[in-house]
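Just so it is clear, none of the values below were taken in a lab; they were calculated from the coordinates. Remember, it's a predicted structure, so these values are computed and weren't measured experimentally. Glycine gets a Cβ as well: all are built from the backbone with ideal geometry, and neighbour counts include every protein chain shown.
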Amino acid sequence: MTGIENVLVNFNLEGQSYEVGELVLNNRKIYFRYHSDFLKTGLNISPIKLPFVGEITNAEKDPFEGLYGIFNDSLPDGWGRLLLDRSLSSKGIDILSMTPLDRLAYVGENGMGALSYLPQQDGLRDFEKQLELDVIAREMTHVLKGESTEMIEELFTLGGSSGGARPKILVGFKKQTNELIHGYNQIPDDFEEWLIKFPSSQDNQEIAKIEYAYYQMALKAGIEMSECQLFQGKSNQTYFGTKRFDRTEKGKLHVHTASGLMHDNFRMSTMDYGHLMDCAFRLERHVNAYEKIFRLAAFNVYAHNRDDHSKNFSFLMNAQGNWKMAPAYDLTYSTSAYGLHNTMIAGESKNPGETHLLKLANHFGLKKPESILEQVKEAISQWRHLAQDCGISKQLTSEIEKTFNRLNKN
């Protein structure tokens, strides 16, 4: 079913529930108004672009088809959107007629973060059986090739609300027994909520091991990340998994990407790490925010992570309304479509180096930025040892190491 004209926005933040407001589609424009009772909470869910007022407001048509960025963050992109479109097409629904409100209704209560949307479109099923990663990987390959699969509903249930281009699933994980279950409905108390990635058709088959080695390098570089580990299927194929940072023992945390916060079209971005540093300071209200972004910028430069677009940086808000930068994610060896950094470093995206990083640091008055660069370089210098521990092939290890050596001379 399509043609939804109004959607209620709800909020379940660390176990506390709120009615946030309402989205209305009228004459091809999407309008939003906060509920007056929610305004009294002071919980500003999007403090840069969405006015925290009681009047009816609307966003520009671009970059999010008339949605404010906070609601666009709830929509799946890449893999998740592909699954939703395939699932709807299999039911005879014309996906070209789908509006952003229709898509939010399919997200319902199953999106990332703490926001949910009513009415929720029916069409999701729950699955009781345990997960076999190799089977899921095989069916994902069929979807990526454009082939049909009987598991399309299950794949959508597992990962249809997630963002990013690479296939992924949301699961419950019990470390003591190494059990994986579907994470769609409320998971048992002795399970944690995790996300597991699968290679896309363009990925190196060792991508999971590479990303895990990057996780270890990032920790050594002083970058906060959520817990990660490698999972194995019955065929011994390896998959990368990470504990979800938008879920805690108290419940859901509110999550907002830099793309959504600043209304940046991550596919045609002009964002600089300076914009990120400014955004982080506005939210955290502490100069430590500058260092977090700078450290991440240095890591992405020296570790050749050029897929550093604005959806790969997020911020979290807790029940007290306090913001902080989310743990880093999607850190891996990568090259963007044009070989450039998606986020510029002091205006440079083609071949940034120490000069650009220090220019960025000096602009924001960072103290002793050279020591941060040295820590990052030292962490990356341990690549060969970490790659060996992860079982990455010698040839690939050497190829990536050569790139690091070239970048660290800049």
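Summary table below
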read-out	value
The chain - Rg over Rh from alpha carbon coordinates, Kirkwood radius	0.95
Per-peptide average of other Cβ atoms within 10 Å, ordering 332-340, 314-322 highest first	314-322, 332-340
Extent along principal axes [Cα atoms of region 316-407; Å; largest to smallest]	47, 35, 31
Highest-first arrangement of 371-379, 166-174, 239-247, where packing means the average Cβ count within 10 Å	166-174, 239-247, 371-379
About the Cα centre, charge dipole magnitude for region 171-271 (Lys/Arg +1, Asp/Glu -1 at Cβ), debye	80
Estimated vicinal HN-Hα couplings, Hz - region 392-397 in sequence order (Karplus 6.51, -1.76, 1.60; Gly, Pro = x)	6, 4, 4, 4, 5, 4
Positive minus negative residues near Leu96 (Lys, Arg vs Asp, Glu; Cβ under 12 Å)	-3
Convex hull of Cα atoms in region 6-118, direction-averaged projection (nm²)	7.4
The chain: relative contact order in percent, alpha carbon pairs under 8 Å with at least 6 residues between	15
Of Val9, Gln232, Tyr215, farthest towards positive along the dipole that unit charges on Lys, Arg, Asp, Glu beta carbons give the chain	Tyr215
